[in-house]
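The values are calculated or read from the model by the stated rules, or taken from the named source; none is laboratory data. Given the structure is predicted, the values throughout are model-derived calculations rather than measurements. As a convention, Cβ positions derive from the backbone with ideal geometry for all residues, glycine included, and neighbour counts pool all protein chains shown. Protein only, heavy atoms only, side chains kept; ligands, DNA and RNA dropped before computing areas. Shrake-Rupley method; radii C 1.70, N 1.55, O 1.52, S 1.80 Å.
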Amino acid sequence: LYDRPVIEKIGERLPITLAINILSLVVIFAIAVPLGVLAAVRPHGLFDRLTTIFVFIGYSMPSFWLALLGMALFGVRLHWLPISGLHSLDYETFGWFRRLADVGWHLLLPITVSAFVSLAGLSRYARSSMIEVLRQDYIRTARAKGLPEGKVIFKHALRNAINPMITILGYHFSGLLSGAALIEIICNWPGIGSLMLTAVRAKDVYLVMASMLMGGILLFAHCARHGSPK
């Protein structure tokens, strides 16, 4: 198809796919943990009910449909975000800072869509983990000693509740890899997913096999590091 070695094509696309997934994990963790903590501090309160609605929406909304919706709203109608590509057409004329900002601007929509579904689930897990920790005896002891509530929550409770959250976050990586392929195709993002679709359409068997092998290696490395969820 490309009259080039397969490893070169995958080497060009792999960093882009990994960038989407790694940045999505950072966004998920940075937003889901505060949401879960705030919901756990006052369970069944107004904020907890609002985040519950957010979770149901996140679980029920397919990532590819959300990508199409975001492109139609923020790209086509409002013209706030680019809807395809890695950078602008005049990217080569930009300075280094503007190039970085341009790539980040193109990354915003794919990362937001990729993180949304996993963000909803992890925020619920963070909530349940924090509620369990806040019921422990040492938390009651800390409050009985007169420690400030913020110190009790963020220094004592969150420190112990965050470890299982990190483990669960690792399990989301495999789901992000599969979801990122759809988002790459819809947003015309030059990653492994769009490369595989082009190879399938062109019946390039070697490129398809190599892309699937690379995806399998990434998932195997993830499972070997974190183990399989029970």
Worksheet item: If you check Phe94 against the conditions, is it within 23 Å of Val26 (Cβ to Cβ) and of a type in the set (Phe, Trp, Tyr)?
Response: no
Worksheet entry | Number of positions in the stretch 71-105 that are touching a residue at least 60 places away in the same chain (Cβ under 8 Å) and not hydroxyl-bearing (Ser, Thr, Tyr) | 4
Worksheet item: Has the stretch 95-115 got at least one residue that is under 28 Å from Ile153 (Cβ atoms) and aliphatic (A, V, I, L, M)?
Response: yes
Worksheet, complete the sentence: In the set Ala180, Ala221, Ala142, Ala202, the lone residue that is open to solvent by less than 20 Å² (accessible area, probe 1.4 Å) and either over 16 Å from Ser24 (Cα atoms) or modelled with pLDDT of 80 or more (or both) is Ala142
Discussion item. Please count how many residues of the stretch 78-109 are open to solvent by less than 70 Å² (accessible area, probe 1.4 Å), modelled with pLDDT under 85 and closer than 22 Å to Leu182 by Cβ.
Written reply: 4
Discussion item. Please go through the stretch 26-49 and give me each residue that is within 21 Å of the chain's Cα centre (by Cα), farther than 13 Å from Ala161 by Cβ and either exposed (fewer than 14 other Cβ atoms within 10 Å of the Cβ) or of a type in the set (Ser, Thr, Tyr) (or both), ordered by number.
Written reply: Val26, Ala30
Worksheet item: When you look at Arg127, is it of a type in the set (Lys, Arg), surrounded by 17 or more Cβ atoms within 10 Å (Cβ to Cβ) and part of a helix (DSSP H, G or I), yes or no?
Response: yes
